[in-house]
Amino acid sequence: FKTCPGRVLCKLPCSGEKEVDLAVQSAKAAFKIWSQMSGMERCRVMLEAARIIREQREEIATMETINNGKSIFEARVDIDISWQCLEYYAGLAGSLAGEHIQLPGGSFGYTRREPLGVCVGIGAWNYPFQIACWKSGPALACGNAMVFKPSPFTPISVVRLAEIFTEAGVPKGLFNVVQGGAATGQLLCQHPDVAKISFTGSVPTGMKIMEMAAKGIKPVTLELGGKSPLIIFSDADLENAVKGALMANFLTQGEVCCNGTRVFVERKILDTFTKEVVKRTQKIKIGDPLLEDTRMGALINRPHLNRVQGFIKQAKEQGAEVLCGGDLYVPDDPKLKNGYYMRPCVLGNCKDDMTCVKEEIFGPVMAILPFDTEEEVLERANATKFGLAGGVFTRDIQKAHRVVAALKAGMCFINNYNVSPVELPFGGYKSSGFGRENGRAAIEYYSQLKTVCVEMGDVESVF
């Protein structure tokens with residue numbers, strides 16, 4: 001592998017109706033074997049997959065960097081989260097159980113937690129390998145099979161995950177990968193033998209998937225977009241708050257759904273905070289993502305780069321001030337000249353009704369907005385169709401808990417941001433979707449309960 005921005009990495013044929021059906025039927029056959037294995041047997045296989053990923057961390061991280069454009073520094077973190085996810089669900093696999101309920105007269109009932117069948121995972125291009133592990137971990141732990149479709153912009157690393165599962169000893173076909181765009185996704189969602197769909201991506205696509213799933217009465221997990229608020233109070237540790245704002249806006253070139261891109265700053269510290277954020281933003285090292293000191297790589301593709309640039313242009317037209325960045329960046333290295341690079345952007349003089357504040361940009365663009373009171377900022381923070389995440393920086397712990405309790409968002413952070421341990425559920429409110437990835441909560445979305453009622457005496461009949 002080597003960096004080759006702006007050039008074709010490889011060409012993969014899109015999976016059509018025949019290939020999708022083959023993948024589903026193969027997964028269906030593997031499901032019969034996997035679902036009959038004990039939780040401890042599944043645990044051992046998943047631990048082996050986690051071990052292989054951990055052992056091949058550098059190779060997979062390099063593959064992911066070339067696949068996506070993010071820095072190798074970040075890609076290593078993604079791979080660590082991936083094997084940790086599989087380890088976590090491997091640990092849960094052996095503990096999955098129903099419950100026993102005593103009924104009158106010696107009768108009793110019990111519940112069985114059973115797998116769904118063939119689950120479909122549809123991934124996004126910002127965290128290709130990690131998202132595939134987030135979806136396959138709980139799915140496989142519960143005894144399901146999975147057919148996964150990565151984004152057509154990042155098709156490579158998920159194929160390696162499929163190979164790793166095979167090496168680890170899962171039944172052949174248990175985790176299948178199909179390639180393609182919307183048409184392939186539609187075939188998966190409408191396939192009669194698919195039991196559940198888990199999708200990470202945009203709100204419009206999520207709506208379409210929900211519509212298709214409804215026709216087959218299929219459960220869905222939707223992890224969609226966001227325009228999350230990050231609230232900085234004047235009593236916050238300024239150094240920590242600045243670092244938090246950078247983490248909330250510029251990871252993976254700003255291409256993160258839960259980013260805190262509406263940065264509300266209490267007016268007392270607005271100038272001091274803004275000055276420090278701009279200074280730190282201007283120091284972010286952009287360039288070859290495979291170099292150790294690079295902290296921001298290239299955006300995913302030319303159309304997306306143009307889209308982000310369009311948002312910045314519109315922001316200026318609506319009265320926002322570009323405090324730094326926002327322009328295209330051409331690295332000195334000639335092999336990078338065709339890469340999709342831009343300087344991270346900080347916007348000042350922002351208003352709540354501006355497009356750059358209302359719509360998800362999905363790029364390295366931070367909007368700073370002043371506020372005066374807690375009551376005011378909460379009303380403004382919640383005035384959005386999205387509800388994926390939210391954050392607060394303050395030394396007042398009572399205020400912190402009060403604010404996050406009032407935020408209408410599924411993932412909240414206090415004095416940190418963009419921390420996603422696999423032990424904690426991740427997901428949104430409102431148009432940001434429903435269902436949860438990670439944590440014990442995900443088990444609920446990859447399994448179903450069967451109730452069994454056992455009568456120990458004679459049947460009480462009304463006839």
If we keep just the residues of the range 384-416 that are farther than 21 Å from Gly206 by Cα and in a loop (DSSP other than H, G, I, E, B), which is most open to solvent (accessible area, probe 1.4 Å)? Arg395
Among the residues of the range 112-132, write down those that are among the hydrophobic types (A, V, I, L, M, F, W, C) and in a strand (DSSP E or B). Val118, Cys119, Val120, Ile122
Candidates Arg436, Arg440, filtered to the one that is touching a residue at least 24 places away in the same chain (Cβ under 8 Å), open to solvent by 70 Å² or more (accessible area, probe 1.4 Å) and not assigned by the TED database to the domain that holds Glu74: Arg440
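Considering each of Ala367, Ala298, Ala383, Ala389 in turn, give the residue that is over 22 Å from Thr252 (Cα atoms), among the aliphatic types (A, V, I, L, M) and either touching a residue at least 24 places away in the same chain (Cβ under 8 Å) or in the same structural domain as Lys275 (by the TED database) (or both).
Details: Ala367 fails: over 22 Å from Thr252 (Cα atoms); Ala298 fails: over 22 Å from Thr252 (Cα atoms); Ala389 fails: over 22 Å from Thr252 (Cα atoms).
Step by step, each of Ala367, Ala298, Ala383, Ala389 is checked, and only Ala383 is over 22 Å from Thr252 (Cα atoms), among the aliphatic types (A, V, I, L, M) and either touching a residue at least 24 places away in the same chain (Cβ under 8 Å) or in the same structural domain as Lys275 (by the TED database) (or both).
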Has the range 162-170 got at least one residue that is over 26 Å from Leu9 (Cα atoms), among the charged types (D, E, K, R) and surrounded by fewer than 22 Cβ atoms within 10 Å (Cβ to Cβ)? no
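Would you mind finding the one in Glu87, Glu114, Glu163 that is in contact (Cβ under 8 Å) with a residue 60 or more places away in the chain and among the acidic types (Asp, Glu)? So that I can check it myself, show each step before the final result.
On the way: Glu87 fails: in contact (Cβ under 8 Å) with a residue 60 or more places away in the chain; Glu163 fails: in contact (Cβ under 8 Å) with a residue 60 or more places away in the chain.
That would be Glu114, the only listed residue that is in contact (Cβ under 8 Å) with a residue 60 or more places away in the chain and among the acidic types (Asp, Glu).
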So, Val24, is that one touching a His at 6+ places or on another chain (Cβ under 7 Å) and at pLDDT 95 or above or not? yes
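Take the residues in the range 11-57 that are hydroxyl-bearing (Ser, Thr, Tyr) and closer than 19 Å to Leu92 by Cβ; name whichever of them is most open to solvent (accessible area, probe 1.4 Å).
Quick first cut of the range 11-57, residues hydroxyl-bearing (Ser, Thr, Tyr) only: 15, 26, 35, 38.
Narrowing the set further to residues that are closer than 19 Å to Leu92 by Cβ leaves 35, 38.
Details: Ser35: 27, Ser38: 54 Å².
Going through the qualifying residues, I end up with Ser38.
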Selection from the range 336-359 of residues that are within 27 Å of Ile231 (Cβ to Cβ), open to solvent by 40 Å² or more (accessible area, probe 1.4 Å) and part of a loop (DSSP other than H, G, I, E, B): Arg343, Asn349, Lys351, Asp352, Asp353, Glu359
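Pick from the range 67-103 the residues that are over 30 Å from Gln253 (Cα atoms) and among the polar types (S, T, N, Q): which of them is most open to solvent (accessible area, probe 1.4 Å)? First the steps, then the outcome.
Applying the first criterion (over 30 Å from Gln253 (Cα atoms)) to the range 67-103 yields 90-103.
Subsequent filtering for residues that are among the polar types (S, T, N, Q) retains 95, 102.
Working: Ser95: 62, Gln102: 120 Å².
In this case the residue turns out to be Gln102.
Being in contact with a Leu (Cβ under 7 Å, 6 or more places away or on another chain) and either modelled with pLDDT under 95 or surrounded by 15 or more Cβ atoms within 10 Å (Cβ to Cβ) (or both): is that true of Asp333 here? Break it down stepwise before answering.
Working: in contact with a Leu (Cβ under 7 Å, 6 or more places away or on another chain): no; either modelled with pLDDT under 95 or surrounded by 15 or more Cβ atoms within 10 Å (Cβ to Cβ) (or both): yes.
Taking the combined requirement at face value, the residue does not satisfy it.
Quick one: count up the residues across the range 204-238 that are of a type outside the set (Lys, Arg), in a helix (DSSP H, G or I), in contact (Cβ under 8 Å) with a residue 12 or more places away in the chain and surrounded by fewer than 22 Cβ atoms within 10 Å (Cβ to Cβ). First the steps, then the outcome.
Narrowing the range 204-238 to residues of a type outside the set (Lys, Arg): 204-207, 209-214, 216-217, 219-226, 228-238.
Imposing the further condition that a residue be in a helix (DSSP H, G or I) reduces the set to 204-207, 209-214, 238.
Imposing the further condition that a residue be in contact (Cβ under 8 Å) with a residue 12 or more places away in the chain reduces the set to 205-206, 209-210, 212-213, 238.
Then keep just the ones that are surrounded by fewer than 22 Cβ atoms within 10 Å (Cβ to Cβ); that gives 205, 210, 212-213, 238.
Final tally of qualifying residues: 5.
The values are calculated or read from the model by the stated rules, or taken from the named source; none is laboratory data. Quick caveat, the model's predicted, so the values are computed rather than measured. As a convention, Cβ positions derive from the backbone with ideal geometry for all residues, glycine included, and neighbour counts pool all protein chains shown. Note: accessible area is taken over every heavy atom of the protein model, side chains too, but ligands, DNA and RNA are not part of it. Shrake-Rupley method; radii C 1.70, N 1.55, O 1.52, S 1.80 Å.
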